[in-house]
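Participant: Pasting a structure below so you can have a look.
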Amino acid sequence: KCMIKEIKPLKKLVQNYKFNKKNIDYTKKYYNVPVHGAFVIFSKDYIQKEENAFYDKTFMYYEMEILDYICHKNNLKVLYNPSIKVYHHHSVSSSKSYKSELKKERFVNKCVYDSLTEYIKLMEKDRGDYYE
């Protein structure tokens, strides 16, 4: 994966494919859809109902998917509002922390694995299948 990322034409092709595949009109408001976590505003209602802003057993990955799950489970609204503009520099922190692409990928993969494991545990706990 690290070596493939170094092939610029291939990287560009993959990025274009991902972008075109989404078919989302980013100029429209959307309600109760999963949103990206670069910038999140929590309502007073959410803050009063929930103990934590984010699920406290994850780090940097799958936080928004878990937040979306919690909001749907608790009948809380999610809004994507295109009038709010945020410029987010993707992977800047990780890239500065890890000069080696391989070490960065190991870090990312570990965080993704840990977060997905916690996400599954949360869903199993809600279904009553989870025993610690």
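Participant: Among the residues of region 23-38 satisfying the criterion of being closer than 21 Å to residue 93 by Cα and in contact with a helix residue (DSSP H, G or I) (Cβ under 7 Å, 6 or more places away or on another chain), which is modelled with the highest pLDDT?
Facilitator: Applying the filter and picking the extreme gives 35.
Participant: Please determine, by comparing only the residues of region 63-82 that are open to solvent by less than 80 Å² (accessible area, probe 1.4 Å) and in a loop (DSSP other than H, G, I, E, B), which one is nearest to residue 118 (Cα to Cα).
Facilitator: Looking at residues that are open to solvent by less than 80 Å² (accessible area, probe 1.4 Å) and in a loop (DSSP other than H, G, I, E, B), I get 74.
Participant: Still on this structure, I have one more. Can you pull out the residues in region 39-58 that are in contact with a helix residue (DSSP H, G or I) (Cβ under 9 Å, 6 or more places away or on another chain) and over 19 Å from residue 125 (Cβ atoms)?
Facilitator: 40, 46, 53
Participant: Within the bounds of region 83-97, is there any residue that is modelled with pLDDT of 85 or more, over 19 Å from residue 119 (Cα atoms) and not basic (Lys, Arg)?
Facilitator: Looking for residues that are modelled with pLDDT of 85 or more, over 19 Å from residue 119 (Cα atoms) and not basic (Lys, Arg), one finds at least one in region 83-97, hence yes.
Participant: Going through region 87-97 one residue at a time, which ones are closer than 17 Å to residue 59 by Cβ, open to solvent by 80 Å² or more (accessible area, probe 1.4 Å) and of a type outside the set (D, E, K, R)?
Facilitator: 90, 93, 97, listed by residue number.
Participant: Please pick out the residue among 57, 49 that is touching an Asp or Glu at 6+ places or on another chain (Cβ under 8 Å), among the basic types (Lys, Arg) and surrounded by 11 or more Cβ atoms within 10 Å (Cβ to Cβ).
Facilitator: 57
Participant: Restricting region 42-51 to residues that are at pLDDT 90 or above and in a loop (DSSP other than H, G, I, E, B), which is nearest to the chain's Cα centre (by Cα)?
Facilitator: Within region 42-51, the match that is nearest to the chain's Cα centre (by Cα) is 42.
Participant: Quick check on region 98-127: of everything there that is modelled with pLDDT of 80 or more and basic (Lys, Arg), which residue is least open to solvent (accessible area, probe 1.4 Å)?
Facilitator: 104
Participant: While we're looking at this one, here's another question. List pairs: first in region 93-112 and in contact (Cβ under 8 Å) with a residue 12 or more places away in the chain, second part of a helix (DSSP H, G or I) and not polar (S, T, N, Q), Cβ under 8 Å, 6+ apart or cross-chain?
Facilitator: Final answer for the pair search is 94/104; 94/107; 94/108; 101/2; 101/5; 102/2; 105/2.
Participant: Another one. Could you give me the residue pairs with C-beta distances under 7 Å whose first residue belongs to region 31-54 and is without any contact (Cβ under 8 Å) to a residue 60 or more places away in the chain and within 14 Å of residue 66 (Cα to Cα), whose second residue is surrounded by 11 or more Cβ atoms within 10 Å (Cβ to Cβ) and among the acidic types (Asp, Glu) wherever it lies, and which are 6+ apart or on separate chains?
Facilitator: From region 31-54, the pairs are 34/65; 34/68; 37/63; 54/63.
The values are calculated or read from the model by the stated rules, or taken from the named source; none is laboratory data. This structure is a prediction, so every number in the text was calculated from the model and none was measured. All Cβ positions, glycine included, derive from the backbone under ideal geometry; neighbour counts span all protein chains shown. Remember, those area values only see protein heavy atoms, side chains included, never the ligands or the DNA or RNA. Shrake-Rupley method; radii C 1.70, N 1.55, O 1.52, S 1.80 Å.
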